[in-house]
Amino acid sequence: MVAARSPERVRRLAILNAPHPDVLASYARRHPTQALRVFYFGAFQVPWLPEAGLRAANFLAMRQALRLTSRSGTFSDADLECYQQAWAQPGALQGMLNWYRALRLKRRSELKPIRSPTLIVWGKKDPALSPHLAIESLALCEQGRIEWLPGATHWLHHEEPVLVNHALIDHLRQ
């Protein structure tokens, strides 16, 4: 959003498995499978109920979501314990959900194309976000490229940290 609304503030942009804000809604309307893959975005719009549901059983749904949407072995029990402690901090869960709440699925564009040199790093096995979202997002970048990670999911920074870090460092050094 910042790169589109205030381009003078962003020299270089790197994105990990997140589409341009204008792309997701229009793509989901044209592709029902994508809409189904992100149905939870709508569920998170409800006040307080998602927080209560996600807190239940010591964040069981969130722990299971991380394990089910990542490559096997990506998140250890110790990792999930750290996440659980972080999620339990005052305001943490609401802050996380507010990110989704800010993504209203609007029908018209409010943003400009991205002028900053942009790197999109995308795990092709993301269970929630189609790789086509990366391609459509790239079309809204004046100077951009996609670095595909064929075996990675949405959690590519956990699954392929060396590849992700090299891609980011190379892009940011240019």
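Just one of the numbered conditions (1) modelled with pLDDT of 95 or more; (2) under 20 Å from ALA4 (Cβ atoms); (3) assigned to a loop (DSSP other than H, G, I, E, B) is not true of LYS106; which one?
(1)
Out of LEU66, LEU24, LEU60, report the one residue that is surrounded by 16 or more Cβ atoms within 10 Å (Cβ to Cβ) and modelled with pLDDT of 95 or more. Explain how you work it out, then say what you get.
Numbers: LEU24 fails: modelled with pLDDT of 95 or more; LEU60 fails: surrounded by 16 or more Cβ atoms within 10 Å (Cβ to Cβ).
The match here is LEU66.
It is to be established whether one or more residues within region 151-170 are over 30 Å from PRO47 (Cα atoms), small (Gly, Ala, Ser) and part of a strand (DSSP E or B).
Scanning region 151-170, I find no residue that is over 30 Å from PRO47 (Cα atoms), small (Gly, Ala, Ser) and part of a strand (DSSP E or B), so the answer is no.
Are there any pairs with C-beta distances below 9 angstrom linking a residue in region 10-31 that is aliphatic (A, V, I, L, M) to a residue that is modelled with pLDDT under 85, with the two at least 6 apart or on different chains, and if so which?
From region 10-31, the pairs are LEU24/LEU103; LEU24/LEU105; ALA25/LEU103; ALA25/ARG104; ALA25/LEU105; ALA25/LYS106; ALA25/ARG107; ALA28/LEU105.
Any chance region 116-133 includes a residue that's surrounded by 15 or more Cβ atoms within 10 Å (Cβ to Cβ) and either free of Cβ contacts under 8 Å to residues at least 12 places away in the same chain or part of a helix (DSSP H, G or I) (or both)? Give the steps one after another, and end with the answer.
Residues of region 116-133 that are surrounded by 15 or more Cβ atoms within 10 Å (Cβ to Cβ), as a first pass: 116-126, 128-131, 133.
Remaining after also requiring either free of Cβ contacts under 8 Å to residues at least 12 places away in the same chain or part of a helix (DSSP H, G or I) (or both): 131, 133.
Yes, region 116-133 contains a residue that is surrounded by 15 or more Cβ atoms within 10 Å (Cβ to Cβ) and either free of Cβ contacts under 8 Å to residues at least 12 places away in the same chain or part of a helix (DSSP H, G or I) (or both).
Quick one: in region 134-174, of everything that is polar (S, T, N, Q) and crowded, with 18+ Cβ neighbours inside 10 Å, which residue is modelled with the lowest pLDDT? Explain how you work it out, then say what you get.
Just the residues of region 134-174 that are polar (S, T, N, Q), to begin with: 137, 143, 153, 165, 174.
Subset that is crowded, with 18+ Cβ neighbours inside 10 Å: 137, 153.
Numbers: SER137: 95, THR153: 98.
Only one residue tops the list, namely SER137.
The values are calculated or read from the model by the stated rules, or taken from the named source; none is laboratory data. The structure displayed is predicted, hence computed values, not measured ones. Methodologically, a virtual Cβ is constructed for each residue, glycine included, from the backbone with ideal geometry; neighbour enumeration extends over all protein chains shown.
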